[in-house]
Amino acid sequence: MSSAQPDWAAIDQDPRFQALHKKKTTFLWGLMLFSTAYYFLLPVGAAYFQDLFKIKVWGPVNVGILFALSEFIVAWTIAGIYARRANREYDAMAAEIVRDARSIGGAE
């Protein structure tokens, strides 16, 4: 039974897994930094740029409300960007590692 289990330590040391982990981590940190900065623009803008945020765009809708709503659009866009990248690159790299998992580290 234990021979059916992949050697996780060997997989972790596999250069392909290391490359996958590095690419994915670097990309996710970039997305996280962007989304965090964008998120904090709302309270900073509301506190320090009140005149800008009070500009009426249409009826009772002002720049501040539009910026707050844009947070949802940005969040969904970031999710879409990640999903597209994961489907195109990361999943293919992971599938190759999984396919070869039994041979990595000498397991049967």
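Quick notes on this one:
- Segment 82-93, residues that are within 12 Å of the chain's Cα centre (by Cα) and open to solvent by 60 Å² or more (accessible area, probe 1.4 Å): Tyr82, Arg84, Arg85
- Within segment 7-25, the set of residues being under 17 Å from the mean Cα position of the chain (by Cα) and either open to solvent by 100 Å² or more (accessible area, probe 1.4 Å) or under 15 Å from Ile78 (Cβ atoms) (or both) comprises His21, Lys22, Lys24.
- Positions within segment 57-75 being surrounded by 10 or more Cβ atoms within 10 Å (Cβ to Cβ), of a type outside the set (Val, Ile, Thr) and more than 11 Å from the chain's Cα centre (by Cα), in sequence order: Asn62, Gly64, Leu66, Phe67, Ala68, Leu69, Ser70, Glu71
- Among the residues of segment 33-55, those that are within 22 Å of Thr77 (Cα to Cα) and touching a helix residue (DSSP H, G or I) at 6+ places or on another chain (Cβ under 8 Å) comprise Phe34, Ser35, Tyr38, Tyr39, Leu41, Leu42, Gly45.
- Test result for Ala9, on the phi < 0 side of the Ramachandran plot and part of a helix (DSSP H, G or I): yes
- Counted residues, segment 32-49 - those being among the aromatic types (Phe, Trp, Tyr), within 19 Å of the chain's Cα centre (by Cα) and open to solvent by 100 Å² or more (accessible area, probe 1.4 Å): 3
- With respect to the stated conditions, Pro15 fails to be touching a residue at least 24 places away in the same chain (Cβ under 8 Å) and under 16 Å from Ala94 (Cα atoms).
- Top-ranked residue of segment 80-97 - restricted to ones that are out of contact with any helix residue (DSSP H, G or I) (no Cβ under 9 Å at 6 or more places or on another chain) and of a type in the set (A, V, I, L, M, F, W, C), ranked as farthest from Leu20 (Cα to Cα): Ala83
- Residue among Met32, Met93 that is at pLDDT 95 or above and under 30 Å from Trp8 (Cα atoms): Met32
- The criterion of at least 2 residues that are out of contact with any Asp or Glu (no Cβ under 8 Å at 6 or more places or on another chain) and of a type in the set (Asp, Glu) is met, among helices (runs of 4 or more DSSP H) falling completely within segment 26-108, by 91-99.
The values are calculated or read from the model by the stated rules, or taken from the named source; none is laboratory data. The structure displayed is predicted, hence computed values, not measured ones. Positions of Cβ are backbone-derived with ideal geometry, glycine not excepted, and every protein chain shown enters the neighbour counts. Only protein heavy atoms, including side chains, enter the accessible area calculation; ligands, DNA and RNA are left aside. Shrake-Rupley method; radii C 1.70, N 1.55, O 1.52, S 1.80 Å.
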